[in-house]
Structures are given as C-alpha cells and as structure tokens.
Amino acid sequence: MTEKTVSSGNGGDLQALGVPFNVEAMAGMNQKFYKMMMSCNDELMTFGRTRLKEDLDMPQKLAECKSPQEMVSICLGFYQTAFKQYADEATHIAKICTEMTAEAPELSKLPGD
C-alpha cells in the first residue's frame, strides 16, 4: 500500500525539507498579484469597449457623408484618433506592467528572506 502524507495546510511538510513556507504570506502575495492583474485586465476591457463603440459608429458616419471629401475627412479622423488611442493605451499598459514588475521581487519574498 502507498502511504499517504497528511499535510497540516500550513506548509509543515515543506518546512521539513528546509523550504520556508507560510500559507498566509502566499495568500497575501497571490491576492496582491491578482489585484494587479485585475487592474490590467480592467484597463484593457475598458479600452476595448471604447474602441469597439467607435468602430461600430463608423458605418453610420460614413453613410451620412454627402461628398467624397467628407468621407475622406471622417476616415482620416477615425484612423488618427484610433492610432492615438492605441498608442496612449500601449503606454498606459506598459506603465501598469512596469509597476507589476517593480512589485515582483516583493511578491516573491517568503518570510525570512
């Protein structure tokens, strides 16, 4: 028969191997990491929603054009705005990722480090 190891849930079996482990510290680390990831995901979803609305409004704007020049103006404005918004969003996401990276050493510390 195979012997079953009973774990106390507090990392005692890892501590016996010389690995410092604390369930509360790990839970706190995961909680902070997940909050940062949620912030990043929220930012991306908000941006996506905004861009999608603008994309879906484009056919109506084009249908209302009275001249080819007006159509060119609307298309040019649409793409200029989209390019600026994507560039701004990339900068904002890079900032969030930089903050997450700066936090990574703190998140990976175990008690006693």
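Worth pointing out:
- Region 56-83: number of residues that are surrounded by 12 or more Cβ atoms within 10 Å (Cβ to Cβ) and assigned to a helix (DSSP H, G or I): 11
- Checklist (1) modelled with pLDDT of 65 or more; (2) part of a loop (DSSP other than H, G, I, E, B); (3) among the polar types (S, T, N, Q) applied to Ser8, failing item: (1)
- Leading residue by the ranking (farthest from Glu43 (Cα to Cα)) among those in region 54-106 that are of a type in the set (Val, Ile, Thr) and at pLDDT 95 or above: Val72
The values are calculated or read from the model by the stated rules, or taken from the named source; none is laboratory data. Source: prediction; values computed, not measured. All Cβ positions, even for glycine, are placed from backbone atoms using ideal geometry, and neighbour counts span all protein chains on display.
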